[in-house]
Amino acid sequence: MSPRVIRLRYAGTCAGCGQALPAGTRAWWDADARSTTCKACTDQASAAPSTENLEVGNVAVENVGAESTPEAVVSRAAGMAGGSARNKYERLHQAREERIDRQWGRLSGFVKFLSDDPQSTRAWARGSEGERRLAAHLLRTVGDRSVLLHDRKVPRTRGNIDHLAVAASGVWVIDAKNYTGLVQRRDKGGFFKTDYHLYVGGRDRIKIVDGLGWQIEAVRSALGDAEVSVHAALCFIEADWSFFAKPFQLDGVWVTWAQKLAEMIAAPGPLTLEKVTDVADRLAKALPPAVAAT
């Protein structure tokens, strides 16, 4: 079913910019993706300048408009954002449905109606949605000056990298988290030392910072002898921040939100257009899409 404009019966969130959409707002509804997009995002997308396609190795990019900067490139074969997480959710959901069918027989439909997937299963769907929203935001804000690669498989491992952005500022390894609650940096050290931890919604989440280490090493290995700055960012999609909050670093990883991440990616840097496309091509070959686009 094609997306259509409706008046929302319930409050929602724009899949493009993340803006809250109160009940009664007129917005685009995509029944297949079960997502809403505000009219401002849709109007901006429809007003985008015409582009000329360029092929750079395994990475298809576009030269965006005649007034673009030399670094203005955007990935077209970038991978499916949130694809791995979505597939994991669907496998767990289907396995639960089959268990209920075997156990309850004719009553299985009634049992499914009265119950829901466990939180551990729903978390995969929520994570997939967060990755898709961040991908849409980056495409809208820095798509004209970077190459964006999503959901990249790391060979010889079972892991994947949510997002890669290659821009004049360098390579960005990005882990998207769709957590809720206040983001804080707390010092758990004593009087004579500091020991900063990441807290979200009152829970210690320092392990997800540590989890970016292997992803950074995988990217550096894929780059080989290329001398490129590699940055890491943990980006929260739904979390809350205090009024005067700023992005901060923990063990070399930036902890931030979508708009600030886009600003950091778009910062000036030493990479030329030729270097950006060469680096993106290396990464696309070494770290292929985890899920084929359909």
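Quick notes on this one:
- Evaluating residue 267 against the criteria (1) touching a Ser or Thr at 6+ places or on another chain (Cβ under 7 Å); (2) surrounded by 19 or more Cβ atoms within 10 Å (Cβ to Cβ) leaves one unmet condition, (2).
- For the residues 128, 120, 115, the requirement of being of a type in the set (Ser, Thr, Tyr), modelled with pLDDT of 70 or more and either surrounded by 14 or more Cβ atoms within 10 Å (Cβ to Cβ) or over 15 Å from residue 180 (Cα atoms) (or both) singles out 128.
- Residue check for residue 269: more than 25 Å from residue 157 (Cα to Cα), of a type in the set (Gly, Ala, Ser) and assigned by TED's automatic domain parsing to the domain that holds residue 172: yes
- Top-ranked residue of the range 168-181 - restricted to ones that are farther than 16 Å from residue 250 by Cβ and aliphatic (A, V, I, L, M), ranked as modelled with the lowest pLDDT: 176
- Residue check, residue 248 of a type in the set (Phe, Trp, Tyr) and surrounded by fewer than 18 Cβ atoms within 10 Å (Cβ to Cβ): yes
- Here residue 141 fulfils each of the conditions (1) part of a strand (DSSP E or B); (2) of a type in the set (Val, Ile, Thr); (3) within 21 Å of residue 14 (Cα to Cα) apart from (1).
- Here residue 194 passes the criteria (1) surrounded by fewer than 16 Cβ atoms within 10 Å (Cβ to Cβ); (2) of a type in the set (Val, Ile, Thr); (3) touching a residue at least 12 places away in the same chain (Cβ under 8 Å) except the one numbered (3).
- Matching residues, the range 236-284, being assigned to a strand (DSSP E or B), closer than 21 Å to residue 139 by Cα and either over 21 Å from the mean Cα position of the chain (by Cα) or of a type outside the set (A, V, I, L, M, F, W, C) (or both): 256
The values are calculated or read from the model by the stated rules, or taken from the named source; none is laboratory data. The structure displayed is predicted, hence computed values, not measured ones. Neighbour counts are summed over all protein chains in view; Cβ atoms, including those assigned to glycine, are modelled from backbone coordinates with ideal geometry.
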